[in-house]
Amino acid sequence: MKKVKIIVVTLVIIGCIGSFLFFTQDKFRPDSKPLFSLDDYPTVDASLATQPLATAFIKEFTGEKEISDERLGYTNTHPGYVKLIDDEVDLIIVTEPSEEELALAKEKGVELEVIPVVKEGFVFYVNSENSVDNLTLEQIQKIYTGEITNWKEVGGDDAPIRAYQRPVNSGSQTGMLSLVMKDLPLMKPVTEDIVDTMYQIINLVSSYDNGRYSIGYSYYYYATTMFQDMDASIANGITLLGVDGVKPTNETIYDGSYPIQTAYYIVIRKDEPENSKVRKLVDAMLSDKGQEIAEGAGYVPVK
């Protein structure tokens, strides 16, 4: 009889422990309850290439699966920086600030806090009919300073190189200047070779007539995952170039072997209070859960 009692008591204890663990785990599981309601979620802006990331975060952290475009209210890189500096938004997810954007912040007495949230690669691409599939970083620099002007100089056909560029203060142009050209002078293009949007430049390079002997640049996520979703037929008309013998992929960007490395950044005002909802959101984006969300959306996590 004593043995039966011991067994019963033991089972009761185990059951109680199990119930305790179940409720305790549920209470502390980070996804058991949304971190924010839609009403108290900070106001976020994003560049074109990071809008899917910003949307994935707001859906996950509020538990809302359908959010209107009006509520999201995205603009793009430079307008996002201007809005943050003018205190019209709480947080932006963008490429690094340009010299002009840093100057604007200084003029307004605003100090920016720039925090990497996902890894990224800056990529170059050519028409899929182009026989060149790899360039050295030095060759790319010489194409864009105007020293190399013909594809035969880099192992391709005897044809002039048409090197497209993006407008000043676009995220792509800021990346081109800081990551690729650095202190080298970027040649001044003819007006027709300055392309307003990332979509347009890929469209031009992928076309047979205008793009067969052209070259353009963008960010890896936009040129692959995002553009495939928008227009697979055009995306398939370009070839991403290897740089110094390494092709851009999620793996080579994550392990650092692809040579033109960058990131997308969370940018906030540095005077943001320590316990604010904005800093709470920053921490959530950088948490293991946040990085899983980013990876699930097709981005390369920073950790």
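Name the one entry in M181, M187, M198 that is touching a helix residue (DSSP H, G or I) at 6+ places or on another chain (Cβ under 9 Å), within 15 Å of F124 (Cβ to Cβ) and modelled with pLDDT of 95 or more. Only one candidate passes the filter, namely M181. Across region 185-222, the number of residues qualifying as closer than 18 Å to I253 by Cβ and open to solvent by less than 10 Å² (accessible area, probe 1.4 Å) comes to 4. Screening A294 against (1) open to solvent by less than 10 Å² (accessible area, probe 1.4 Å); (2) over 17 Å from F57 (Cα atoms); (3) not charged (D, E, K, R) leaves a single unmet condition, (2).
In region 120-147, the residues that are in contact (Cβ under 8 Å) with a residue 40 or more places away in the chain form Cβ pairs under 9 Å with partners that are exposed (fewer than 14 other Cβ atoms within 10 Å of the Cβ) and assigned to a helix (DSSP H, G or I), at six or more places apart or across chains, as follows: N127/Y208; E129/Y208. Considering every residue within region 114-134, establish whether at least one is within 16 Å of E272 (Cβ to Cβ), within 18 Å of the chain's Cα centre (by Cα) and open to solvent by 20 Å² or more (accessible area, probe 1.4 Å). Yes, because at least one residue in region 114-134 is within 16 Å of E272 (Cβ to Cβ), within 18 Å of the chain's Cα centre (by Cα) and open to solvent by 20 Å² or more (accessible area, probe 1.4 Å). Return yes or no: is G175 assigned to a helix (DSSP H, G or I) and open to solvent by less than 60 Å² (accessible area, probe 1.4 Å)? Spelling it out, G175 is indeed assigned to a helix (DSSP H, G or I) and open to solvent by less than 60 Å² (accessible area, probe 1.4 Å). If you go through region 146-168 and pick out every residue that is open to solvent by less than 30 Å² (accessible area, probe 1.4 Å) and of a type in the set (S, T, N, Q), you end up with 2.
The residues of region 68-94 that are under 17 Å from the mean Cα position of the chain (by Cα) and assigned to a loop (DSSP other than H, G, I, E, B), listed by number, are Y74, T75, N76. A Cβ distance below 7 Å, combined with a sequence gap of six or more or placement on separate chains, defines the contacts here; from region 235-250, residues that are farther than 16 Å from I215 by Cβ reach residues that are in a loop (DSSP other than H, G, I, E, B) and open to solvent by less than 10 Å² (accessible area, probe 1.4 Å) in the pairs V246/Y258. Within region 42-101, if we keep just the residues that are farther than 25 Å from Y220 by Cβ and aliphatic (A, V, I, L, M), the residue that is most open to solvent (accessible area, probe 1.4 Å) turns out to be V82.
Report yes if some residue within region 52-63 is assigned to a loop (DSSP other than H, G, I, E, B) and modelled with pLDDT of 95 or more; otherwise report no. Yes: one or more hits.
The values are calculated or read from the model by the stated rules, or taken from the named source; none is laboratory data. Owing to the predicted nature of the structure, the values given are computational and were not obtained by experimental measurement. Backbone-built Cβ (ideal geometry, glycine too); neighbour counts: all protein chains shown. When the accessible area is computed, the model is the full protein with side chains, heavy atoms only, and any ligands, DNA or RNA have been set aside. Shrake-Rupley method; radii C 1.70, N 1.55, O 1.52, S 1.80 Å.
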